[in-house]
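Input: a single structure, listed below in structure tokens.
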Amino acid sequence: MNSPSSAAEPAWPDDAVEVGRITGAWGVKGWFKVQPFASDPQALFSSKRWFLKAADDLRPARPGSAALPLLLKIAEAKEHGDGVVARAHEVDDRNASEALRGARIFIARSSFPTAGPDEFYWVDLIGLSVVNREEQSLGTVVGLLDTGAHSVMRVMPDGGKSEANERLIPFVAQYVDDVDLPARRIRVDWGLDY
């Protein structure tokens, strides 16, 4: 039987998305630095529950090292330079924040801010099938590239295993006719021979 002071282990979200990494301590009061994976780190600010995994969760912890907490309850997070600094209720000094160095940060996808019209999170596009206007399959989105000017979809033909077969399709209105998330399909103006 659980005592009133014992807390149940938090459940790992089914829709967890890796959004950044803790790079070290910031100051002496338990703040830590975060390198976000997105140029706009709004997902980090929208959630007060950050789930953690070790940088290499296959490697056993060093003897004598503190266990990495599964969950941080964020008290405050803000932009700082090209990254983010944050403070968690469970981390109260520099030593505790330094112990988090290298931890991978995951947030439930359901906690992300709502995307605007015709805006999409990359995580939602990966895995969608891509067809052209003639309903010919071009493959599946396996990733995206940020070129600065716009994003580019990396589309791997179905059954294709070589990057030599990969198609790079700009994710711009000139080529993308429709993104149907419920149907898991993107329609593009792109030929099989491009």
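So for the stretch 59-69 (the condition being over 17 Å from the mean Cα position of the chain (by Cα) and either at pLDDT 95 or above or not assigned by TED's automatic domain parsing to the domain that holds LYS29 (or both)), does at least one residue qualify?
No, the stretch 59-69 has no match at all.
Search the stretch 179-188 for residues being within 24 Å of the chain's Cα centre (by Cα) and β-branched (Val, Ile, Thr), and hand back the single one that is surrounded by the fewest Cβ atoms within 10 Å (Cβ to Cβ).
So, considering only residues that are within 24 Å of the chain's Cα centre (by Cα) and β-branched (Val, Ile, Thr), the one surrounded by the fewest Cβ atoms within 10 Å (Cβ to Cβ) is VAL179.
If we keep just the residues of the stretch 72-118 that are touching a helix residue (DSSP H, G or I) at 6+ places or on another chain (Cβ under 6 Å) and more than 30 Å from ALA173 (Cβ to Cβ), which is surrounded by the fewest Cβ atoms within 10 Å (Cβ to Cβ)?
Of everything passing the filter in the stretch 72-118, ALA77 is surrounded by the fewest Cβ atoms within 10 Å (Cβ to Cβ).
Search the stretch 180-194 for residues that are more than 19 Å from PRO170 (Cβ to Cβ) and in the same structural domain as MET153 (by TED's automatic domain parsing) and pair each with any residue that is in a strand (DSSP E or B) and not acidic (Asp, Glu) when their beta-carbon atoms are under 7 Å apart and the residues are at least 6 apart or on different chains.
ARG184/SER129
Let's see how each residue does on (1) in a loop (DSSP other than H, G, I, E, B); (2) over 21 Å from the mean Cα position of the chain (by Cα); (3) modelled with pLDDT of 95 or more:
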position	(1), (2), (3)
THR140	no, no, yes
LYS161	yes, yes, no
ILE169	no, yes, yes
ASP177	no, yes, yes
TRP190	yes, yes, yes
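Please specify each residue of the stretch 109-138 satisfying the condition of being part of a loop (DSSP other than H, G, I, E, B), touching a Gly at 6+ places or on another chain (Cβ under 9 Å) and closer than 26 Å to SER46 by Cα.
Passing the criteria: only ILE126.
The values are calculated or read from the model by the stated rules, or taken from the named source; none is laboratory data. If you're wondering where the values come from, they're calculated on a predicted model, not measured in any experiment. With ideal geometry, Cβ positions are generated from the backbone for all residues, glycine too; neighbour counts draw on all protein chains shown.
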